[in-house]
Amino acid sequence: MGANTSQVSDLSESQSIRTLIGPDAISENEPFWNQLISFTFTSPTCSADAKLLEEAVVPLAKTLIQNNPRSGNFGALVRVFLSRTKELKISTECQDQLFIWQAHNALFLVRCLLKVFIRQMNEEELHLQFSYQERAPGTYDSICEDLLEELVCNLVHLIVEVPLLDITYNILFEAVTTLLVLLSYQLFHKEVLPILEILYHVEERNSHHVYMALIILLILTEDDTFNRSIHEVMLKNISWYTERVLTEISLGSLLILVVIRTIQFNMTRTRDKYLHTNCLAALANMSAQFRNLHQYAAQRIISLFALLSKKHNKVLEQATQSLRGPLGADDTTVLPDYAQDLNVIEEVIRMMLEIINSCLSNSLHHNPNLLYALLYKRELFEQFRSHPSFQDIMQNLDTVIGFFSQRLEQAGSDLSVERVQEVIKKGAAALPKERLKKFPELKFKYVEEEQPEDFFIPYVWSLVFNSGVGLYWNSQGIELLGMDSP
């Protein structure tokens, strides 16, 4: 960091860095600051690189901690960054890449120092590091302004107001990362700390709880009026959905696509049971009111079932290979780990079957696209027909598949897509409802515990700790996630 600094090994030799952490105060108007924040340095993208960077910063930050009460240079650095945030939106509109680059570098410096500060001092001492300013030797007053709160508010404002573009991506990413670093005090304590109250209040005030979005959807889907109305709202040209061109789609079908995509991402990447369960609960609540599902939404529902079926077969095969002999139909000697995996997957498969059944039982004639997708992939369901966990719920699917398969056979061979759709629409109107067994309505409610922060704070931090991009924390001293036990 500092002029021309581009590698971790350059940090300790950088004259600009030595000046920043030294005992002499530097006025915010000095040309020094432009020199300090004019560097090219690739931010870490993995925890290993982040660890190397932090190890290099630690001795420098410790020197600054000693000298900052006299120099106030850390507070000056923060104010240099804040002075640039006021013009970031205009700089973005003018494509002023130099200004944005320097603002990013200033914030990067602040974040690297904060990361060490938080491990070296308590929250009251951190507040003091923000409050020190240039002073004459022998005086010990600090300014009263809350620079920490101003920094947090500016970071949130930056995230909300500055558009996400190629030239702003790095600074927006750095703003989010800096907020996470400030919040990371919580990792080392089990109770909610006073310094975090500012941050949580700011987040609530701006209503940017990404992790709460799913809970909000789940609560909304408890209302059948909502579940019906979302299929009446038509949207056009959904540019942000990149998996497929969507020229026209109902809000309901779009929500289904997003939820299913979240489930699939979770299955292959994060494997978070909490996210998984709530996604399925939201789909289940909506299922009885599915109306005129978009062709792609119908396909994705069946594709998700296909993915679950594939995972089920893979675990079953692994369990079989782990036994001495082949796994028989009545064999219950599956190894414990595989048995647990099978139980989890089968619970999800059952839920998906219930969702499909709910749609067929309540609104079959409104969903020809789902019927088409179901018939096209009907072989997926064969293996579950005689499975004891699914026999009851498979009755209706067998009835529907059998009924429409017979009609398609009667219609002849080599049918066009249009002809198949025509047969399905006529068949949907002709299938007697009494042939489908009635099941209890799928209804799930979000029940908030008396102190939800006892769950959410450790839960969110476990995601950040395990999956945060370019972030590293030494597990020693982390109490929130139970990592510091002897």
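All of ARG111, ARG70, ARG84, ARG79 fail the test of being in contact (Cβ under 8 Å) with a residue 60 or more places away in the chain, under 36 Å from the mean Cα position of the chain (by Cα), open to solvent by 30 Å² or more (accessible area, probe 1.4 Å) and within 26 Å of ASP146 (Cβ to Cβ), apart from ARG79.
Of all residues in segment 112-131, those being in contact with a helix residue (DSSP H, G or I) (Cβ under 7 Å, 6 or more places away or on another chain) and either hydrophobic (A, V, I, L, M, F, W, C) or at pLDDT below 85 (or both) number 9.
Can you find even one residue in segment 56-68 that is among the hydrophobic types (A, V, I, L, M, F, W, C), within 21 Å of ASN154 (Cα to Cα) and either touching a Phe, Trp or Tyr at 6+ places or on another chain (Cβ under 7 Å) or not in a loop (DSSP other than H, G, I, E, B) (or both)?
no
Tell me which residues, restricted to segment 35-55, are part of a helix (DSSP H, G or I), touching a helix residue (DSSP H, G or I) at 6+ places or on another chain (Cβ under 7 Å) and closer than 25 Å to ALA76 by Cα. Please lay out each step first, then the result.
Kept after step one, since they are part of a helix (DSSP H, G or I), are these residues of segment 35-55: 35-36, 47-55.
With the extra rule that they be touching a helix residue (DSSP H, G or I) at 6+ places or on another chain (Cβ under 7 Å), the set shrinks to 35-36, 52-54.
Across segment 35-55, the qualifying residues are GLN35, LEU36, LEU53, GLU54.
When the helices (runs of 4 or more DSSP H) confined to segment 329-426 are screened for residues that are closer than 18 Å to ALA284 by Cα and in contact (Cβ under 8 Å) with a residue 60 or more places away in the chain, those reaching at least 2 such residues are found at 336-363, 368-376.
Only one residue in LEU408, LEU436, LEU380, LEU431 is within 20 Å of GLU354 (Cβ to Cβ), at pLDDT 90 or above and open to solvent by less than 40 Å² (accessible area, probe 1.4 Å). Which one? On inspection, the qualifying residue turns out to be LEU380. Within segment 463-482, residues that are of a type in the set (Phe, Trp, Tyr) reach partners that are in a loop (DSSP other than H, G, I, E, B) and surrounded by 11 or more Cβ atoms within 10 Å (Cβ to Cβ) with beta carbons closer than 7 Å, at six or more positions or on different chains, in the pairs PHE465/TRP473; PHE465/LEU481. For first residues located in segment 147-162 and farther than 22 Å from GLN97 by Cα, partners that are at pLDDT 85 or above and of a type in the set (Ser, Thr, Tyr) and lie 6+ apart or on another chain with Cβ distances below 7 Å form the pairs LEU147/SER131. Screening TRP240 with (1) more than 22 Å from SER309 (Cα to Cα); (2) part of a helix (DSSP H, G or I); (3) not small (Gly, Ala, Ser) gives one miss only, at (2).
The values are calculated or read from the model by the stated rules, or taken from the named source; none is laboratory data. Fair warning: this is a prediction, and the values are worked out from it, not measured in the lab. So basically every Cβ, Gly included, is an ideal-geometry build from the backbone, and we count neighbours across all protein chains shown. These accessible areas exclude ligands, DNA and RNA; they are computed on the full protein's heavy atoms, side chains included. Shrake-Rupley method; radii C 1.70, N 1.55, O 1.52, S 1.80 Å.
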